[in-house]
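Any read-out appearing in this document is the output of simple, stated calculations on the displayed coordinates, not a laboratory observation. Please read these numbers as outputs of a predicted model, since none were measured by experiment. Cβ placement follows ideal geometry from the backbone for every residue including glycine, while neighbour counts extend to all protein chains displayed.
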Number of protein chains: 2
Amino acid sequence: MTESEGKSTPLRVGVVLFPGFQALDVFGPLDCINVLSWSHNVTMALLSSTLEPVTTKPPAFANAMGQSVVPTHTFATAPSLDLLLVPGGLGTRGSSPAIEEAISYIKNVYPQLKYLVTVCTGSGLAARAGILDGKCATTNKMAWAEITALAVNVDWVPRARWVVDGNIWTSSGVSAGIDVILAWIEKVYGSEVARKISNSIEYTRHEDPSHDPFAGLHGL
Amino acid sequence: MTESEGKSTPLRVGVVLFPGFQALDVFGPLDCINVLSWSHNVTMALLSSTLEPVTTKPPAFANAMGQSVVPTHTFATAPSLDLLLVPGGLGTRGSSPAIEEAISYIKNVYPQLKYLVTVCTGSGLAARAGILDGKCATTNKMAWAEITALAVNVDWVPRARWVVDGNIWTSSGVSAGIDVILAWIEKVYGSEVARKISNSIEYTRHEDPSHDPFAGLHGL
């Protein structure tokens, strides 16, 4: 998809939601795509196992705060997509029906996607779906040992803000989702579109994918 | 409120929502406060004119994408708060009932707050509520002329990531909300708590409130 195509052909974006997703993993990238939609043709589907609002509150943290977001489709009724965004968060852990359905959906839909973008421990869901096997990928550095143990056949890159392998873009923790989506927008829509969006949200991008001051904090 | 108080006495946070709020204005700061709530006592109220889900889609942009967030209270049923967060976005413009109710709420509740934090053009709502008169404040630099014209008795600071005047913290555009809330957390809970949160979300803070590469882009 080129920029000129993007103004007429819609970019069809989907987002995987589950209880305990990390708010900024979703709304960093989506804010950029929302701004993109002011000038380009974009459709968006917020996907979950049911149509009930999905909370960011981690299931295991009784006293934690969360906000609830309304899905537009279930995994079963999801429309065709070009780009699927998979966030992370404490809710990626375990084997609840919501998480197992998310992993099944990622596994089944991946062959039809043009692009998959994961943020933070969202790469753990992609890893459990088996689609990172044989590929380079990264994840949150604080959760490094836990996430990388989920899939031993992935070439996990310890020092990276984000990693691109084929059509899979995996990013480091939480706020790295803003950098990976702006890098993706730059590739697909061009540097001028990415520059306008980052200026619009007054965000100073990390443009070097190997920039990672957080790897060292965790001995990586 | 000190850090030791914050572990027992709850921090009572409220967020003003209205159609066309900017997603990252809300979820940048709230992600930080969500993480704070994993170790500290926090309550949160998402406030709107009704209990219907509130979309980020700008009212005047027919083709724009948006996501819908579920309020927990109306302005009329809002609990007592310590901190009120006021986001910006294209939806701050105009005089819809939802915006007029938000402005009235901000005006009426301000005397009972410990802190008010605005992000981006959220300072325009605070300005219209009259509570910035005689104070220093900042706003989004792309919307500078429009927002500063709303209140001529405000000492608008053109080059600032954020500005503190008394108990009012106003920040620049969109992503600046992450920096202002981390600066606020540092002041109230201490630098170690702020450092842990920024590391947890892998965010490299702008710690100098006068850091503003975006002012120059708009001739300020």
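For residue A:135, the lysines whose Cα comes closer than 24 Å to its Cα, not counting residues fewer than 8 places off in the same chain, are A:107, A:114, A:187. Distance between the modelled labels on residue A:145 and residue B:38, one decimal in nanometres: 1.6 nm (7 Å Cα→Cβ projection).
Across q = 0.14, 0.17 Å⁻¹, the range B:51-111 modelled as identical point scatterers on its alpha-carbon atoms has Debye log10 I(q)/I(0) values of -0.45, -0.66, in the order of the q list. Using the Cβ-Cβ distance between residue B:155 and residue B:100 with R0 set to 22 Å, the FRET efficiency works out to roughly 0.30. Classify the range B:100-220 as rounded, prolate or oblate, taking a ≥ b ≥ c as the square roots of the eigenvalues of its Cα gyration tensor: rounded when a/c is under 1.5, otherwise prolate if a/b is larger than b/c and oblate if not. Oblate.
Here is how far apart the residue B:218 label points are across copies: 3.6 nm, shortest first, using a point 7 Å from Cα toward Cβ.
Overall shape of the range B:1-102 was characterised from the C-alpha gyration tensor. The equivalent ellipsoid obtained from it has semi-axes of 27, 14, 10 Å, in decreasing order. Distance from the B-onto-A rotation axis is smallest for the Cβ of the chain B residue given, in whole Å, as B:27, 2.
Ascending distances from the residue A:41 label point to its copies in the other chains, with the point 7 Å along the Cα-to-beta-carbon line: 5.6 nm. With a/c under 1.5 counting as rounded, go ahead and sort chain B into rounded, prolate or oblate using the C-alpha gyration tensor (a ≥ b ≥ c being the square roots of the eigenvalues; past the cut-off, prolate if a/b is larger than b/c, else oblate). Verdict is rounded for chain B. Mean projection of the Cα convex hull over all viewing directions, computed for the protein assembly as shown: 18.9 nm². In summary, the lysines within cross-link reach of residue B:141, defined as a Cα separation below 19 angstrom excluding same-chain residues under 8 places away, comprise A:196. Sorted shortest first, the distances from the residue B:77 label point to those of the same residue in the other copies are 2.6 nm; each point sits 7 Å from Cα along Cα-to-Cβ. If you take all C-alpha pairs in the range A:24-83, what percent of them are over 16 Å apart? Percentage above 16 Å: 57. Its convex hull of Cα atoms gives the range B:115-180 a direction-averaged projected area, equal to a quarter of the hull surface, of 3.6 nm².
Would you please put A:29-39, A:154-164 in order of how densely packed they are, using the mean number of other Cβ atoms within 10 angstrom per residue and starting with the highest?
The densest-packed peptide leads the list: A:29-39, A:154-164.
Run the helix sum for chain A: -39,500 (n - 2.57) per DSSP H stretch of 4+ residues, divided by residue count, reported at 222 nm to the nearest 500 deg cm²/dmol. Estimated from H runs of four or more residues: -9500 deg cm²/dmol.
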